[in-house]
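Structure first, then comments.
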Amino acid sequence: MPFFESINDKFFNPFCCRNREIYFECISLLIEKSKEIPILYETDARNCLILYLQNCLYSIETENIGEEVSSGRTPQENASSILRYFRACGWITPQEIGRSGDNIASVSAYCRKLVDAIHKIFDMDSNSAITNHIFSIYEILKSSFGKDSARAIRPYSNILLPLIENECDLKNELLILKDSVQEIMRAVTKMSDANSLGQFLLKDELLKRFFNDYFFVKKSGLIPSYIASIERLLRKLRDSELYDQMVKEYMKLKNVDEFRAKEKINRQFVELDSFISLEYDQEMGYIDKKINTYYNLYSVRMMMVLSNGTNLESLLNRFLLFLKGLNEQERAVVIRQIAPSHRLMHVGYISRKSFERRKKANPNMKNAGIPSDELPLDEKKRLTDELLTAIPDQYSMDHVKDYLDEKVSDKGQVSVEEWGVRTREDAMMIAASIIYSGSVGFPYDVVFEEGMVETEVAAISRIKIKRKKDE
């Protein structure tokens, strides 16, 4: 079945909207949230989006996505609208009531794959990616020869294709390493002062991403042994019975004859063997060469920056050769004349933290604190009272009573629909009134009715809050 016939017609619409950055961040947050809990309910999804929108760095532009989304609306209203839009576009599965009575807001499988692919392509964080691919190739090959291995049932789909995918990813990561070296070299050549060069070395994430992978691959003694084992296992796989099973499986999958199946599989094996045996070493050698060039460029550039653009090494070399050709009296005259010529031309403020010496912590120092036995009982009681009164209980019975006095009309009762639950505080006050209902001194009763009420904050049971008649 064609791809575009199996997905929603509006599936790609959120990437074409004005607030596409916000929508992408929202669906990424929902995917991460679904990895932390067994079932992602709509209430959890809405609360997650509300928290994001409250701290969002992007400005929400006004647009119509079936309903209006804008910075003039509350985060609760925007979160509800975005969830409904995601469900209309097929990013969230259709409405389904879970065991808790709330709708399930699971992210659809196609949306998960799309978002993961986008992160994989464009995210610059590639820490440990190279070694992960090498380990994956080794583990696939090793498990394929295990006793009663499940991979041997469908060797082409479960062995050869995963090997090719990891090889392609490994190639891409090596290309990223090569591009990173070039970016570093271009950035260093643009430095005009020592301060900017120091900030680049300390803060630039490009260096961290590059060297985390590069030095682990080069300095770890495990990697060469894994490469040698992969070469040996590839030869063993090609000479085993699994090769004939791969040919038969490929013939069924692609509906081709045996000759074409063997030709295709042989080319894939040759490519794998060529990359592991030759191209990997060549690519790492090229990166080594670029690293040496980078360090040489860095040292020369650093020296030129600190010398105000002058190559002091070449200048000093010429000066020493000049002194060598003079006799003793002429050399003394030249040294006396050049002695006062060294003077400070430029001062750049870096920071006191860059050169201050930190004091060592005294390990023999006793812990500072007030012994509890030195405080009298009156002082303890005073501090306790101050602590309790400084932060009053926001949802105490008195506060809930005062809050309901304002909401309950003259007829003595109010329903959730009439209330208009718009904020988290409204929902918490309803929950507190349910808790205090029936308590001595609380002048309101809560009556539960059938069904649920969908509010801007959460789905709440249909209830009425009535004033007691004896109050």
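The values are calculated or read from the model by the stated rules, or taken from the named source; none is laboratory data. Just so it is clear, the model here is predicted, and its values are computed rather than measured. Note that we place each Cβ from the backbone using ideal geometry, even for glycine, and neighbour counts take in every protein chain shown. The area values use the complete protein model at the heavy-atom level, side chains included, leaving out ligands, DNA and RNA. Shrake-Rupley method; radii C 1.70, N 1.55, O 1.52, S 1.80 Å.
A few points about this structure:
- If you go through region 140-155 and pick out every residue that is free of Cβ contacts under 8 Å to residues at least 12 places away in the same chain, surrounded by 13 or more Cβ atoms within 10 Å (Cβ to Cβ) and part of a helix (DSSP H, G or I), you end up with 2.
- The residue list GLU32, GLU77 contains one member that is assigned to a helix (DSSP H, G or I) and either among the basic types (Lys, Arg) or without any contact (Cβ under 8 Å) to a residue 40 or more places away in the chain (or both), which is GLU32.
- Strands (runs of 3 or more DSSP E) contained entirely in region 366-471, each with at least 1 residues that are in contact with a Leu (Cβ under 7 Å, 6 or more places away or on another chain) and modelled with pLDDT of 75 or more: 444-454, 459-467
- Residue match in region 27-36 (condition: of a type in the set (Gly, Ala, Ser) and in contact with a Leu (Cβ under 6 Å, 6 or more places away or on another chain)): yes
- Residue match in region 117-129 (condition: open to solvent by less than 40 Å² (accessible area, probe 1.4 Å), modelled with pLDDT under 85, assigned to a helix (DSSP H, G or I) and more than 18 Å from ARG20 (Cα to Cα)): yes
- Pick from region 225-284, criterion small (Gly, Ala, Ser) and part of a helix (DSSP H, G or I), ranking: surrounded by the most Cβ atoms within 10 Å (Cβ to Cβ): ALA261
- Within region 310-348, the set of residues being surrounded by 10 or more Cβ atoms within 10 Å (Cβ to Cβ), aliphatic (A, V, I, L, M) and at pLDDT 80 or above comprises LEU323, LEU326, ALA332, VAL333, VAL334, ILE335.
- Residue within region 44-54 that is in a loop (DSSP other than H, G, I, E, B) and buried (at least 16 other Cβ atoms within 10 Å of the Cβ) present: no
- The residues in region 438-448 that are open to solvent by 40 Å² or more (accessible area, probe 1.4 Å) and free of Cβ contacts under 8 Å to residues at least 24 places away in the same chain can be counted, and the count is 5.
- Yes/no for LEU83 being aliphatic (A, V, I, L, M) and within 18 Å of ARG424 (Cβ to Cβ): yes
Here's the yes/no breakdown for (1) under 20 Å from the mean Cα position of the chain (by Cα); (2) surrounded by 14 or more Cβ atoms within 10 Å (Cβ to Cβ):
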| position | (1), (2) |
| --- | --- |
| ASN13 | no, yes |
| ARG20 | yes, no |
| LYS35 | yes, no |
| LEU57 | yes, no |
| ILE60 | no, yes |
| GLU68 | no, no |
| THR74 | no, yes |
| GLU77 | no, yes |
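- Failed item, numbered, when VAL69 is tested on (1) modelled with pLDDT of 85 or more; (2) under 30 Å from GLU231 (Cα atoms): (2)
- Residue in region 169-183 that is under 19 Å from TYR250 (Cβ atoms) and either among the β-branched types (Val, Ile, Thr) or open to solvent by 30 Å² or more (accessible area, probe 1.4 Å) (or both) present: no
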